[in-house]
1. With every protein chain present, what is the per residue accessible area of region 43-164 (1.4 Å probe, Å²)?
2. Whenever you get a sec, compute what percent of the accessible area on the chain sits on carbon and sulfur atoms (1.4 Å probe).
3. Quick one: length gained pulling residue 235 to residue 31 fully straight, 0.36 nm per residue minus the C-alpha distance?
4. What is region 8-136 by shape, rounded, prolate or oblate, if you read a ≥ b ≥ c off the alpha carbon gyration tensor as root eigenvalues and call it rounded for a/c under 1.5, prolate for a/b larger than b/c, and oblate otherwise?
5. Checking the table 131/240; 215/254; 97/131; 158/215; 158/240 against a 28 Å threshold on Cα-Cα, which pairs fail?
6. Around residue 34, what is the net charge, scoring Lys/Arg as +1 and Asp/Glu as -1 over all other residues with Cβ under 12 Å from its Cβ?
7. Suppose we flag trypsin sites (Lys or Arg not before Pro) only when DSSP calls them loop and at most 15 other Cβ atoms lie within 10 Å. Which is the longest uninterrupted stretch of the chain?
8. Where does the chain land on Rg(C-alpha)/(2.2 N^0.38 Å)?
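The values are calculated or read from the model by the stated rules, or taken from the named source; none is laboratory data. Computed from a predicted structure; not experimentally measured. Here the Cβ is made from the backbone with ideal geometry for all residues, glycine too, and neighbour counts use every protein chain on show. These area figures cover heavy atoms from the full protein model, side chains too; ligands, DNA and RNA do not enter into them. Shrake-Rupley method; radii C 1.70, N 1.55, O 1.52, S 1.80 Å.
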Amino acid sequence: MLALGASAAPAEDQVVDVELVLAVDVSLSMSPDELVIQRDGYVAALTDDAVLRAIADGAHGRIAVTYVEWAGSGVQQVVVPWSVIATAEDAQAFVAKMTATPPRSARRTSISAALDYAASLFDTSGYRGMKRVIDVSGDGPNNQGTPVDQSRDRIAEKGITINGLPLMTNGHGMSSAFDIANLDAYYSDCVIGGPGAFMIPVNGWAQFPEAIRRKLVLELADGEHPLRTAMEAEFPPVIKAATIFTTDCQIGEKMWNNRGWIDIQ
């Protein structure tokens with residue numbers, strides 16, 4: 001009877017190795033084709049053998065994941081709610097939900113609102129992760145809402161890690177005029193933070209699936225796992241500098257406020 005009761009513990013008491021929020025930019029700076037490429041990259045990564053091995057070899061052999069799409073301050077949509085991935089079948093079920101409806105673009109870019117929203121999801125996840133990670137991807141700087149470094153600092157103080165995937169892909173969306181050349185430095189100085197935070201720049205869409213795969217392995221595998229050490233040796237992640245920041249974290253807001261063209265983003 002006692003053993004049965006323990007195995008039937010409610011979901012809110014279930015411990016997982018990582019609670020992971022995948023926060024994905026769907027602002028108008030990306031074309032419909034690029035949005036599809038982005039989703040397909042997550043599909044390939046989440047079902048990849050190396051990622052599944054990293055999950056299976058964790059202390060508990062399972063993670064909790066949710067997939068969120070975001071744009072402006074008021075645009076955050078949970079596409080797939082919190083789900084456990086422990087097996088290939090779990091991963092296939094997750095990506096089936098993720099691809100059930102096409103991605104929908106929206107105006108503006110508020111990384112800060114996306115981060116604040118993602119952080120709030122941990123409060124109701126129903127799981128207790130040994131690590132809590134927000135994995136945010138985007139192709140432009142914050143141009144709406146709270147300054148992004150303020151949101152970053154507030155979230156990092158809670159012990160939540162924010163890792164980044166800056167998409168320096170020369171987008172062909174409706175508002176690529178708001179792109180900045182040094183988006184990788186912007187993410188390093190203004191977006192990522194918390195324990196062990198890192199980012200992996202993407203310089204073209206052809207690199208995206210592999211970048212996502214590497215990022216997930218580094219986030220999910222134990223520090224001594226052979227997959228992690230081999231990947232770090234071949235493709236070192238970019239780690240945030242401890243105290244030295246050179247990027248204007250409000251460059252996006254300044255570009256938006258100084259725009260001299262039709263409001264299309």
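1. Numbers: 4750 Å² over 122 residues.
Value returned for region 43-164: 39 Å² of accessible area per residue.
2. Details: 6250 of 11430 Å².
Answer for the chain is 55 percent, counting heavy atoms of protein chains only.
3. Stretched out fully, the residue 235 to residue 31 stretch lengthens by 70.6 nm.
4. Details: a/c = 2.27, a/b = 1.44, b/c = 1.57.
Taking the square roots of the gyration eigenvalues as a ≥ b ≥ c, region 8-136 is oblate.
5. Numbers: 131/240 18 Å; 215/254 31 Å; 97/131 24 Å; 158/215 22 Å; 158/240 18 Å.
Over 28 Å apart, Cα to Cα: 215/254.
6. Working: positive: 39; negative: 25, 33, 40, 139.
Within the 12 Å Cβ shell, the charges total -3.
7. Numbers: sites that count: 104, 158, 259.
Result for the longest clean stretch: 1-103.
8. Values: Rg = 18.0 Å, N = 265, 2.2 N^0.38 = 18.3 Å.
The reported ratio for this selection is 0.98.
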